[in-house]
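Down below is the structure, laid out as structure tokens.
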Amino acid sequence: MVLLVLTGEIVDQDMYEMLAEATRLLNEHHSILALVDCSEAAAAVSLAGIYGLPDKATALGAPWNLREAVVLPRTRLRLETYQFLALVSRNAGYDVRLLDDRKAAEEWLLAPSPIPAGTPHVAST
């Protein structure tokens, strides 16, 4: 599992750098599980930046069967930003879940995946 803890204000460039580092770590450790803890973060990213994030993830080589748990900020500031991220990610085939705390995020990630191991990506069939 890759754990990213984000704090402070997060802008588009931070989001792209985080994505590149997370993808590198996922591939390096042969993992499909990512926990992104935004409980102390404040999203200041653009919706256009979020919209293109799944394509950037794919281009960087993110695992197609990625399961990502995102811990929502305690302040609930710009909650719609996180909801939009989850929506565009799921539409692109990534399994992203928004959760209220790290414990719930870890439990969801460690639960059995609904996608059996070894299943090819739908785009490869």
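Taking θ as phi - 60° and the Karplus parameters 6.51, -1.76 and 1.60, the scalar couplings of region 4-20 work out to 10, 10, 9, 9, x, 7, 10, 10, 3, 4, 4, 4, 5, 5, 4, 4, 4 Hz in sequence order, x denoting glycine and proline.
Residues whose amide H falls under 5 Å from that of Asp95, counting only those 5 or more places apart or on a different chain, are Leu66, Glu68, with hydrogens built in the peptide plane. Near the amide H of Val2, within less than 5 Å, lie the amide hydrogens of Leu33, Ala34, Leu35, all on another chain or at least 5 residues away, with H placed in the peptide plane.
Once Cα Rg over 2.2 N^0.38 Å is worked out from the coordinates, which option in (i) 1.14; (ii) 0.99; (iii) 1.55 does it equal? Among (i) 1.14; (ii) 0.99; (iii) 1.55, the one calculated here is (ii). Here the sum of -39500 (n - 2.57) over DSSP H runs of 4 or more residues, divided by the residues of the chain, equals -12500 deg cm²/dmol at 222 nm, to the nearest 500. Summing Lys and Arg as +1 and Asp and Glu as -1 over all other residues whose Cβ lies under 13 Å from the Cβ of Val96 gives a net charge of +1.
Laboratory data are not the source of any read-out in this text; all were calculated from the coordinates shown. What you are looking at is a predicted structure, and each value in this text was computed from that prediction instead of being measured. Counting neighbours? That spans all protein chains shown, and the Cβs are built from the backbone with ideal geometry, glycine included.
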